[in-house]
Amino acid sequence: MNTTTLHTVLGILSLIIGIIGLLGSFIPCFGVYAIYAGIIGLCAGIGGIIAAKKAHLGMGLATAGIVLSLLATAISLWQMKVIM
């Protein structure tokens, strides 16, 4: 897989997982498990940014995925603190 395709796939994957994690993090008692989606989306987003920098391409999708994944992780951690 070439770098152009890799950065696009990882960026879109990060964005989709970040959206799912963010939406899931607002569901009571299920939001604790959204931390896993947030971490996976964060890893995919970082991989997308690394691939985009190597190919000198845009990093918008990966950056948006990282932001959403961080929000999902933060909300999940907050729910874990509230529950325990």
Give me the pairs: first residue in the range 3-18 and more than 10 Å from residue 62 (Cα to Cα) and surrounded by fewer than 16 Cβ atoms within 10 Å (Cβ to Cβ), second residue modelled with pLDDT of 90 or more and not small (Gly, Ala, Ser), beta-carbon distance under 6 Å, and six or more apart or on different chains, which are they? 3/54
Of the numbered conditions (1) under 12 Å from the mean Cα position of the chain (by Cα); (2) among the hydrophobic types (A, V, I, L, M, F, W, C); (3) buried (at least 23 other Cβ atoms within 10 Å of the Cβ), residue 51 fails exactly one; give the number of that condition. (1)
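If you go through the range 28-80, how many residues are of a type in the set (A, V, I, L, M, F, W, C) and within 22 Å of residue 8 (Cβ to Cβ)?
So the count comes out to 22.
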Which condition does residue 81 not pass, out of (1) assigned to a helix (DSSP H, G or I); (2) in contact (Cβ under 8 Å) with a residue 24 or more places away in the chain, if it passes all the others? (2)
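Go through the residues of the range 54-66 one by one and say whether even a single one is under 14 Å from the mean Cα position of the chain (by Cα), without any contact (Cβ under 8 Å) to a residue 40 or more places away in the chain and buried (at least 17 other Cβ atoms within 10 Å of the Cβ). Talk me through it step by step, then tell me what you get.
Going residue by residue through the range 54-66, those that are under 14 Å from the mean Cα position of the chain (by Cα) are 59-66.
Right, trim to without any contact (Cβ under 8 Å) to a residue 40 or more places away in the chain and you get 63.
After this cut, where a residue has to be buried (at least 17 other Cβ atoms within 10 Å of the Cβ) as well, the list is 63.
Yes, the range 54-66 contains at least one residue that is under 14 Å from the mean Cα position of the chain (by Cα), without any contact (Cβ under 8 Å) to a residue 40 or more places away in the chain and buried (at least 17 other Cβ atoms within 10 Å of the Cβ).
Quick grid of which residues meet (1) in a helix (DSSP H, G or I); (2) charged (D, E, K, R); (3) closer than 22 Å to residue 83 by Cβ:
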{"residue": "13", "(1), (2), (3)": "yes, no, no"}
{"residue": "24", "(1), (2), (3)": "yes, no, yes"}
{"residue": "29", "(1), (2), (3)": "no, no, yes"}
{"residue": "43", "(1), (2), (3)": "yes, no, no"}
{"residue": "46", "(1), (2), (3)": "yes, no, no"}
{"residue": "63", "(1), (2), (3)": "yes, no, no"}
{"residue": "66", "(1), (2), (3)": "yes, no, no"}
{"residue": "69", "(1), (2), (3)": "yes, no, yes"}
Can you pull out every residue in the range 33-84 that is among the small types (Gly, Ala, Ser), out of contact with any Ser or Thr (no Cβ under 7 Å at 6 or more places or on another chain) and under 17 Å from residue 22 (Cβ atoms)? 37, 64, 74
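The values are calculated or read from the model by the stated rules, or taken from the named source; none is laboratory data. Fair warning: this is a prediction, and the values are worked out from it, not measured in the lab. Glycine gets a Cβ as well: all are built from the backbone with ideal geometry, and neighbour counts include every protein chain shown.
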